[in-house]
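Quick notes on the structure that follows.
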Amino acid sequence: MLSILIPVYNYNVLPLASELVKQCSSCGIIFEILSLDDASQEFTAENEKINQLKKASYSILEKNIGRSAIRNLLAQKAVYENLLFLDADTIPVSDNFISNYILEIKNKIVFGGLLYENKKPSQEQLLRWIYGKEREALSLSERNKNPSNTALVSNLLIKKEILLRFPFDKSLTKYGYEDLLFFAVLKCNQIEIKHIENPVFHLNLESSNLFLNKTKTALENLAFLDSSNKISKNESKIIGSFDFLKKMKLISVFNFVFKKSERKIEQNLLSEKPSLFLFDIYKLGYYCFLKTK
């Protein structure tokens, strides 16, 4: 018995829901698909068609509650004990996607992985694509080296009782690092995450400009988590790097150099050859700015 949970925001999720219904039906399992829209303004007409699919539903919240709260709400609404969280902008790579997870149903938490299509996008989307392929689309062997830090909620099988016992932190209403905090809490409570080879494609590539802005929002979340002692430097390389610079009394120097080079770094990140090394410097620089302003 499986509850497939899809938080939606301004995305056409009908193709994903249709594929999941087809796979679940061919497996002969008892299932439900709950698509919950966080007060979108777009694609609502297309998504309403989900209600015509077998054992699938789509509903819209009256007001936006955020990425963490909507996942908690979906878990509360779920009928079955096995929850499969999928992001709206994903699609299974394999026709055996659901049957592969059914084989793992005895495990408490299972992450199947994430992939990006090989076709190179336009220049304005390159940063998100390169970042995704290099930092998120990790091999099974790479993920198994650090299971808690490489899992994502975009493709996650989890027992309902665990999610209800350790819900997503609803104080995080903006984009970013809700996954990191969630898995850090599970790790602290000795709940292991099994990694398997059962990926989804991440389809929606933001423009590099939008991705940079979302990254800044995410770093605001990270600064809040650090200040609230909700996450440690062991869980975040950015926090660890900031603490090192602080210990060495180099924060003011780093801030000065970053401010002088910020525009040039942005030019690179928006170019046809964005550097992930410079992206890391950019994130650390902006984080230092947030922590010292």
Check: Applying the selection to the stretch 152-178, what residues are assigned to a helix (DSSP H, G or I) and either in contact (Cβ under 8 Å) with a residue 40 or more places away in the chain or polar (S, T, N, Q) (or both)?
Finding: K160, E161, I162, L163, L164, E178
Note to self: Exactly one condition in (1) over 30 Å from K120 (Cα atoms); (2) in contact (Cβ under 8 Å) with a residue 12 or more places away in the chain; (3) surrounded by 13 or more Cβ atoms within 10 Å (Cβ to Cβ); (4) not aromatic (F, W, Y) is false for L250; which is it?
What the structure shows: (2)
Next item on the list: Tally the residues that are part of a helix (DSSP H, G or I) and either within 18 Å of A17 (Cβ to Cβ) or touching a helix residue (DSSP H, G or I) at 6+ places or on another chain (Cβ under 9 Å) (or both), restricting the search to the stretch 74-105.
Entry: 9
Item checked: Residues of the stretch 1-46 satisfying the condition of being in contact with a Leu (Cβ under 7 Å, 6 or more places away or on another chain), of a type in the set (V, I, T) and over 22 Å from R67 (Cα atoms) -> V21, I29
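Okay, residues lined up against (1) open to solvent by 70 Å² or more (accessible area, probe 1.4 Å); (2) of a type outside the set (A, V, I, L, M, F, W, C); (3) without any contact (Cβ under 8 Å) to a residue 12 or more places away in the chain:
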| site | (1), (2), (3) |
| --- | --- |
| D38 | no, yes, no |
| Q41 | yes, yes, no |
| S59 | no, yes, no |
| E62 | yes, yes, no |
| S68 | no, yes, no |
| Q76 | yes, yes, no |
| L83 | no, no, no |
| D87 | no, yes, no |
| P92 | no, yes, no |
Margin query: Would you confirm whether or not the stretch 196-213 contains a residue that is of a type in the set (F, W, Y) and in a strand (DSSP E or B)?
Written below: yes
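Table: residues versus (1) among the aliphatic types (A, V, I, L, M); (2) outside any strand (DSSP E or B); (3) closer than 16 Å to D87 by Cα.
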position	(1), (2), (3)
N12	no, yes, yes
P15	no, yes, yes
E19	no, yes, yes
S26	no, yes, no
I50	yes, yes, yes
Next item on the list: Give the residue that is nearest to the chain's Cα centre (by Cα), with candidates limited to residues of the stretch 183-210 that are buried (at least 19 other Cβ atoms within 10 Å of the Cβ) and under 22 Å from E117 (Cβ atoms).
Entry: H202
Notebook entry, point to check: Do we find a residue being β-branched (V, I, T), more than 14 Å from Y9 (Cβ to Cβ), open to solvent by less than 40 Å² (accessible area, probe 1.4 Å) and in contact (Cβ under 8 Å) with a residue 60 or more places away in the chain anywhere in the stretch 104-122?
Noted result: yes
Next item on the list: Give me a count of the residues in the stretch 129-174 that are under 23 Å from V93 (Cα atoms), within 13 Å of the chain's Cα centre (by Cα) and open to solvent by less than 20 Å² (accessible area, probe 1.4 Å).
Entry: 6
Checklist line | Unmet criterion (only one of (1) in contact (Cβ under 8 Å) with a residue 12 or more places away in the chain; (2) open to solvent by 20 Å² or more (accessible area, probe 1.4 Å)) for S236 | finding: (2)
Next item on the list: Among the numbered conditions (1) touching a residue at least 12 places away in the same chain (Cβ under 8 Å); (2) within 25 Å of N107 (Cα to Cα); (3) in a helix (DSSP H, G or I), tell me where E142 comes up short.
Entry: (1)
Next item on the list: Out of the residues in the stretch 1-25 that are in contact (Cβ under 8 Å) with a residue 60 or more places away in the chain and farther than 17 Å from D89 by Cα, state the one that is surrounded by the fewest Cβ atoms within 10 Å (Cβ to Cβ).
Entry: M1
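The values are calculated or read from the model by the stated rules, or taken from the named source; none is laboratory data. Treat the numbers as computed from the prediction; the structure is a model and nothing was measured. For neighbour counting, all protein chains shown are included, and Cβ atoms are generated from backbone atoms with ideal geometry for every residue, glycine included. Just the protein is used for accessible areas: all its heavy atoms, side chains included, with ligands, DNA and RNA removed. Shrake-Rupley method; radii C 1.70, N 1.55, O 1.52, S 1.80 Å.
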